[in-house]
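Please read the structure below before turning to the comments.
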Amino acid sequence: MAGGLTLLAGRPVGWAAVSALALALPLGILGAGYGLLTGQGVIRLGVFAPAGLYWLAGFPLARLAQETAAGLTLTGEVVLAGGVAGFLGYQAMVSLGFAIGFVWLHERLMPYWLLRLRGHNPYARELLDRYVAHAEVLRSAAGRRRTRKGARR
């Protein structure tokens, strides 16, 4: 998105590549950290609050890293709209929307990745088991709701 928006703003392709890479790198590192925390059971699957808090801190830092790296690389200076505090405050507000999308994608894509790794990675197998258990809880809860709805009719 960062690269596409940079191109949309009329900047050169090189600027778009720097902007995209400068955001993708910190977000990738933070995403890996999130994966490690879910793997260790620190962040529970299906619960938004811990993920929201994680990205409330992580997303503004990733954006600050992007603005700093891109600014220094492309223009030799860093200009943050509203100063550091205003910039970080705005990014913190945006972070919850990012967290919702991240959790949604993570919980839909991660099980497929773990299926590929489970044969040779015991940690992947263990985390996949947690995903399967979580899915079974959700499915049985949905079944109970359907049964109660049918009984009321």
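Determine which member of the set THR73, THR68 is touching a helix residue (DSSP H, G or I) at 6+ places or on another chain (Cβ under 7 Å), free of Cβ contacts under 8 Å to residues at least 60 places away in the same chain and outside any loop (DSSP other than H, G, I, E, B). So the residue among THR73, THR68 that is touching a helix residue (DSSP H, G or I) at 6+ places or on another chain (Cβ under 7 Å), free of Cβ contacts under 8 Å to residues at least 60 places away in the same chain and outside any loop (DSSP other than H, G, I, E, B) is THR73.
Taking region 36-49 as the region of interest, how many residues are part of a helix (DSSP H, G or I) and either surrounded by fewer than 16 Cβ atoms within 10 Å (Cβ to Cβ) or at pLDDT 95 or above (or both)? Final tally of qualifying residues: 4. Pick from region 98-153 the residues that are assigned to a loop (DSSP other than H, G, I, E, B) and surrounded by fewer than 10 Cβ atoms within 10 Å (Cβ to Cβ): which of them is farthest from the chain's Cα centre (by Cα)? So the residue we want is ARG153.
Restricting attention to region 35-89, the residues that are out of contact with any Pro (no Cβ under 9 Å at 6 or more places or on another chain), over 14 Å from GLU107 (Cβ atoms) and among the β-branched types (Val, Ile, Thr) add up to 6. Looking at region 17-35, which of its residues are under 18 Å from LEU127 (Cα atoms), surrounded by 15 or more Cβ atoms within 10 Å (Cβ to Cβ) and not hydroxyl-bearing (Ser, Thr, Tyr)? Scanning region 17-35 gives GLY31, GLY35. One residue stands out in region 1-34 among those that are modelled with pLDDT of 90 or more and of a type in the set (Gly, Ala, Ser): the one that is nearest to GLY71 (Cα to Cα), namely ALA22.
Is there a residue being closer than 25 Å to GLU126 by Cα and at pLDDT 90 or above anywhere in region 54-77? Looking for residues that are closer than 25 Å to GLU126 by Cα and at pLDDT 90 or above, one finds at least one in region 54-77, hence yes.
The values are calculated or read from the model by the stated rules, or taken from the named source; none is laboratory data. Just so it is clear, the model here is predicted, and its values are computed rather than measured. Methodologically, a virtual Cβ is constructed for each residue, glycine included, from the backbone with ideal geometry; neighbour enumeration extends over all protein chains shown.
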